[in-house]
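The values are calculated or read from the model by the stated rules, or taken from the named source; none is laboratory data. None of the values given here were measured: they were computed from a predicted structure. Quick reminder, even Gly has a Cβ in these numbers, built from the backbone with ideal geometry, and neighbours come from all protein chains shown. Please note that ligands, DNA and RNA were not included when accessible areas were found on the heavy atoms of the full protein model with its side chains. Shrake-Rupley method; radii C 1.70, N 1.55, O 1.52, S 1.80 Å.
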Amino acid sequence: MERANTFIIEDNQVLQELADRCARLYNELNFERRQAYIHYKKFEWYPKHLYEKYAPIIGSATAQQIINKNNEAWKSFLALKRLEAKGKLPKHITKVSMPRYWKKNGKRELRILIRNDCYRIDDKYLYLPKGVKLRYKGKLKWKGKQGRLEIIYDDVDKVWRGFMSIKIEKPLLKGGNKPLYVDLGIINLATVWFEGLKQPIAFSGKTILADWWYWTKKIAKEQSRLAKINKTKTSRKIRRLYRIRQKRFKHAVNAMVKAIVDNACKLGITRIVLGKLKNVRNNSHNNKANAMVNNFWSFAYIIKRFKEKAEEYGIEVVEASEYKTSSKCPKCHSENVKTKGRLFKCLNCGLEANRDVVGVLNIACLSGDKVNGVVAHPLLLRWNGMKWEFKRTM
């Protein structure tokens, strides 16, 4: 498995100069390749003239890493162009563009790439080529074979951030077939059930939605103020507000995923089944929830975090179809049902339940599990800004 240690590095003039030269190399190389692709549809993968120009000033190993980074971007672009020609582009990609420059708001993006054998790190210091010794802040979470180090200047927080890739051994998948089922949603971020659990557990998204809306209003207010003062659309403060909103959402999601996967491991769960999301946009009757989904909410991020976290425990994550899981009775399997808001009622057997519970139980039914005797309303957990805590049932 590949993971990354992240940390903040003290500012230093050496970093400023080296990063600027790295960005110049990347941008020059990218410009030449863009021109060659536009006019000739081909170019050389090894730009000897640029390597000889920059190797003496940034180091041969670093020059190679910058060239490799650009090679990766172009190989990805060309692979997508081949898929586009065959009509097989992933649905989330609507346009294939050539690799962009390391440039933002008219300035070069400051980045440095260090080969895995050209740096060393201990509990306090980062040691770079040419005797550069820098203090850093942060904890090295992952231990293993170190990979490439990428140092990027964050122009919002005004700090240097280090991203150190680490290769660690992947745990073997656990034996057995005890699954845990998860129904993802908006009002309830996730509803969880496994065989033997009498009452499903739901992670309420209401406080996260309210928090998102609070920061959205702050962003809109600042944008309005800025437009009146100098008629600009963005600023460092606005970019910072966007980042705060995103980080607060991701913090809640990461805490939820950690809680689910940690407990799944303790319970001997070997497989997590996630409801496969389709047509999720505009399927809520809550206007604020719809605004959040269309502008910010990322189910892809939630699924990605489930897969990454479960991988650390050797737990398999699979996606299952959610087709009709919220419109069929999990008790008698009748489709003669009535729904209103979050409530579900079967007109055949009289079952009244929370729609998210119906969804997760139907996912379990499709996998062959028996759901008789399960409470029809979930045990709610709410996010208090720091952790998920239990509240009374609905």
Using the C-alpha gyration tensor of segment 40-81, what are the square roots of 5 times its eigenvalues, in whole angstrom, with the largest one first?
23, 12, 5
Give the residue list of GluC sites (Glu not before Pro) in segment 1-58 that are DSSP loop and have at most 14 other beta-carbon atoms within 10 angstrom.
10, 44
What is the calculated FRET efficiency for residue 199 to residue 123, with r their C-beta to C-beta distance and R₀ = 41 Å, to the nearest 0.05?
0.35
Debye log10 I(q)/I(0) at q = 0.13 Å⁻¹ for segment 78-162, Cα point scatterers
-0.68
Rolling a 1.4 angstrom probe over the protein heavy atoms, how many square angstrom per residue are accessible across the chain?
57
Neighbours of residue 35 by Cβ distance under 14 Å: Lys/Arg at +1, Asp/Glu at -1, summed charge +1
Over segment 1-160: Kirkwood hydrodynamic radius from C-alpha pairwise inverse distances, Å:
17.5
Stretchable slack from residue 228 to residue 384, in nm (0.36 nm times residue separation minus alpha-carbon distance):
52.6 nm
Isolated Cys in the chain, by beta carbon distance under 4.7 Å
22, 118, 265, 365
Determine the share of the chain's accessible area contributed by carbon and sulfur atoms, expressed in whole percent, with a 1.4 angstrom probe.
51
Using alpha-carbon coordinates, inclination of helix 13-40 to the longest axis of the chain, degrees
80
Going through the cross-link list 104/221; 198/370; 69/103; 124/304; 178/266; 137/304, which pairs have a Cα-Cα distance over 20 Å in this structure?
104/221; 124/304; 137/304
Value of relative contact order over segment 51-153, rounded to a whole percent, pairs C-alpha under 8 Å and six or more apart
24
Below 13 Å, Cα to Cα, which aspartates and glutamates can residue 233 reach? Residues fewer than 8 away in the same chain don't count.
222
So for segment 1-68, Kirkwood radius off the Cα pairs, Stokes-Einstein at 20 °C and 1.002 mPa s: how many µm² s⁻¹?
156
One finds, for residue 46 and residue 155 with R0 = 30 angstrom and r their Cβ-Cβ distance, a FRET efficiency to the nearest 0.05 of 0.40
Cα gyration tensor of the chain diagonalised, 5x eigenvalues square-rooted, in angstrom largest first, produces semi-axes 45, 25, 23
